[in-house]
1. Please work out how much accessible surface residue 71 shows to a 1.4 Å probe, ignoring ligands, DNA and RNA, in Å² rounded to 10.
2. Between residue 221 and residue 120, what is the FRET efficiency for a Förster distance of 41 Å, r being their Cβ-Cβ separation, to the nearest 0.05?
3. Classify the stretch 177-315 as rounded, prolate or oblate, taking a ≥ b ≥ c as the square roots of the eigenvalues of its Cα gyration tensor: rounded when a/c is under 1.5, otherwise prolate if a/b is larger than b/c and oblate if not.
4. Exceeding 21 Å between C-alpha atoms, which entries from my cross-link table qualify? They are 112/142; 233/260; 142/289; 260/306; 142/233.
5. What spacing in nm lies between the two simple spin-label points modelled at residue 247 and residue 67, each 7 Å away from Cα in the Cβ direction?
6. Multiply the residue gap between residue 256 and residue 198 by 0.36 nm, knock off their C-alpha separation, and tell me the result in nm, one decimal place.
7. For the stretch 244-314, run through the trypsin sites (Lys or Arg not before Pro) and keep only the ones in DSSP coil with at most 12 other Cβ atoms within 10 Å of their Cβ.
8. How charged is the neighbourhood of residue 142? Take every other residue with its Cβ under 10 Å from the Cβ of residue 142, and add Lys/Arg as +1 and Asp/Glu as -1.
Amino acid sequence: MAVSSSPMYSPLHANAGNFDLCFSPPPRLLRLGSTSGPTIRRTEFLVLARKSGGGLASEDKRELLERYGLDPDEFLSDPSPNKARRRKDMQDTGRGKRTQQEDSAPPRTTHKLLQVLGGTARRKKLLSPKGMDVRPMMEVVKAATFSILQAAGGSPASLRPGRWLDLYSGTGSVGIEAISRGCSQVHFVEMDPWVVSDVLRPNLEWTGFLDAAVIHMVRVEDFLERAEQFVGKDGSFDYISVTPPYMQVDYGVLMDQLSKSPLVGEDSFVVVEYPLRTNMLDSCGCLIKITDRRFGRTHLAIYGPKWSQKKRKST
């Protein structure tokens, strides 16, 4: 066996952070047998071993690791100055992390697609939020609602004077329509502060109905539980509209709570908008269902006193 006169292996040690780096020297050839025999090439290798104590300087370690094609930042505890600088630049410019704007929801905006259909504020445009977080009553449903109520109340041209409770009021479109058609006062129940400040209140100011409105910024369930606290001893409402977000309420629980509330009187009318595949009872407390109509995927149920059904048939 022929061996080169140089040493076959002379490890080079370099302390890197908490590790010793051990490298083989550049590869050497080992010949077995005659010079024409097979050639075996010994490959270089790297050994990591924990060890305390001195070693090469940081720059020397970095140069040595780079010479062997390794990333110094994977072995050294301190990142390279260039990489540290790049990290700082990324932080300063906002790259490499999500900015606060990306984490927060996009700003909510409005448009004017709704309008008052009848009465003193007829054809006035109303604000509504863009998107589906607030779903106003469709205008065809709203027109049918007031037509039925006016006929049931015995006055096809306008509503009977009285007080209206607009639950899940959102834009205020239903309650504003009620004031425009003759109601003396409307209580709006809406829990979203942005909707109240940027949609509902501006709509009331624009139509000139702010003085006839009372806004309750509270959950409908809480409002019904503490009805006397919110409305005092004024008694029941003449009209109540219920237009909740379909998928966020249990209609059975909601209607049971409403039917037992002192807000519903013997002469009240209750308007309920509900989705397909929802079973609505034929009565709401002392009130009977006087109509149940379908508008595409939307259903409209109206409950009222027995005398209203007779008046509606006679008109």
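The values are calculated or read from the model by the stated rules, or taken from the named source; none is laboratory data. Worth saying up front: this structure is predicted, and the values here are computed from it rather than measured. Neighbour counts are summed over all protein chains in view; Cβ atoms, including those assigned to glycine, are modelled from backbone coordinates with ideal geometry. Surface areas here come from the heavy atoms of the whole protein model, side chains and all, with no ligands, DNA or RNA. Shrake-Rupley method; radii C 1.70, N 1.55, O 1.52, S 1.80 Å.
1. 60 Å²
2. 0.80
3. rounded
4. Check vs 21 Å cut-off fails for 142/233.
5. For residue 247 paired with residue 67, the spin-label model returns 6.5 nm.
6. 17.7 nm
7. 260, 277, 297
8. Details: positive: none; negative: 139, 177, 273.
Summing Lys and Arg as +1 and Asp and Glu as -1 gives -3.
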